[in-house]
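Any read-out appearing in this document is the output of simple, stated calculations on the displayed coordinates, not a laboratory observation. The structure presented is a predicted model; accordingly, all values stated were derived computationally and were not measured. Cβ coordinates were reconstructed from backbone atoms using ideal geometry, including for glycine residues, and neighbour counts include every protein chain displayed.
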Amino acid sequence: MAARGTDPPVGIVLTVDQRGSRTAPDAVADLLATLDPRPTRLAFRRTAGDEVQGLVHEAEHLPSLVEAVLRDGRWRVGIGIGAVELPLPGDVREARGPAFVHAREGVDAARQAPGRVRVVSGAPPEEVASARALEAAIWLWAALLDRRTDRGWEVVDLLDAGHTHEQAARHLGISQSAVTQRARAAGVVEGERARELVAHLAGTALARATEDVR
């Protein structure tokens, strides 16, 4: 967590709302447990009903959060990029600023969006263009993750944890060639590149927002 007094004037806010919550059990506690170990500036908290919200300042922290939410599949997501009011409070529920407004707009618009994700930024054309590029990358990534099976995720999780294909094969009790086949079907390489691309584009969007604030 960044120290108070050194926070930048912009950030990325994620507002995440459960889909079909009127007929499905409340899944917020499970989601918060999944997101809690991941780095944030203001940790995710339940803000209202079946909705959670969190703030990050570092672009490289966004992919892990987005992937966790997309993997779960029960959520729609608004990602707001823009100014935040300083000094930041200790709880995201007390934070304010345009980035939070943008995230609200995004989650409301995400109902019919690919991947149930929308990215919203400020008015300058360059800022909007960078947000649209980030949004497009997440939509394509979401389509990849949506096709990934439980067996595919088993391999992905092991490789992400640093296991080699040989070690993953021993862990799963299958051949090394079977691990390779599962990894290929799961789009492991494409998924890694998607994480890199989302982080890069989020960094560009943050830079654009910073220029606008200045």
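Put a dot 7 Å past each Cα toward the Cβ at Arg93 and Asp150; how far apart are the dots in nm?
It works out to 3.5 nm between the two label points.
Which value, to two decimals, describes the C-alpha radius of gyration of segment 70-214 once divided by 2.2 N^0.38 Å?
Numbers: Rg = 18.5 Å, N = 145, 2.2 N^0.38 = 14.6 Å.
Dividing the Cα radius of gyration by 2.2 N^0.38 Å gives 1.27.
In nm², what is the average projected area of the convex hull enclosing the Cα atoms of segment 1-95?
Details: hull surface 22.8 nm².
If I average the Cα hull's projected area over directions, I get 5.7 nm².
Choose one answer from Thr180, Thr15, Thr204: the residue with the largest mean-square fluctuation in a GNM of the chain with alpha-carbon springs under 10 Å.
Thr180
Compute the long axis of helix 188-213 from its Cα atoms, compare it with the longest principal axis of the Cα atoms of the chain, and write down the angle in degrees, 0 to 90, nearest 10.
Around 10 degrees separate the two axes.
With springs connecting C-alpha atoms under 10 Å apart, model the chain as a Gaussian network and identify which of Gln176, Gln18, Gln53 has the largest mean-square fluctuation.
Per the Cα network of the chain with a 10 Å cutoff, Gln176 tops the list.
Springs between alpha-carbon pairs under 10 angstrom, Gaussian network model over the chain: which of Arg147, Arg41, Arg74 fluctuates most?
Judging by the Gaussian network model, the answer is Arg147.
Would you mind pulling out the separation of the Cα centroids of segment 36-108 and segment 129-148, in Å?
17 Å
Among Ile174, Ala161, Ala142, which residue has its Cα positioned farthest towards the positive end of the charge dipole of segment 139-180, with +1 placed on the Cβ of Lys and Arg, -1 on the Cβ of Asp and Glu, and the dipole taken about the Cα centre?
Ile174
Just check segment 39-82 against the gyration tensor rule for me: Cα atoms, a ≥ b ≥ c as the square roots of the eigenvalues, rounded for a/c under 1.5, and otherwise prolate or oblate depending on whether a/b exceeds b/c. Kindly include the intermediate steps, with their values, before the conclusion.
On the way: a/c = 1.78, a/b = 1.20, b/c = 1.49.
In terms of gyration-tensor shape, oblate.
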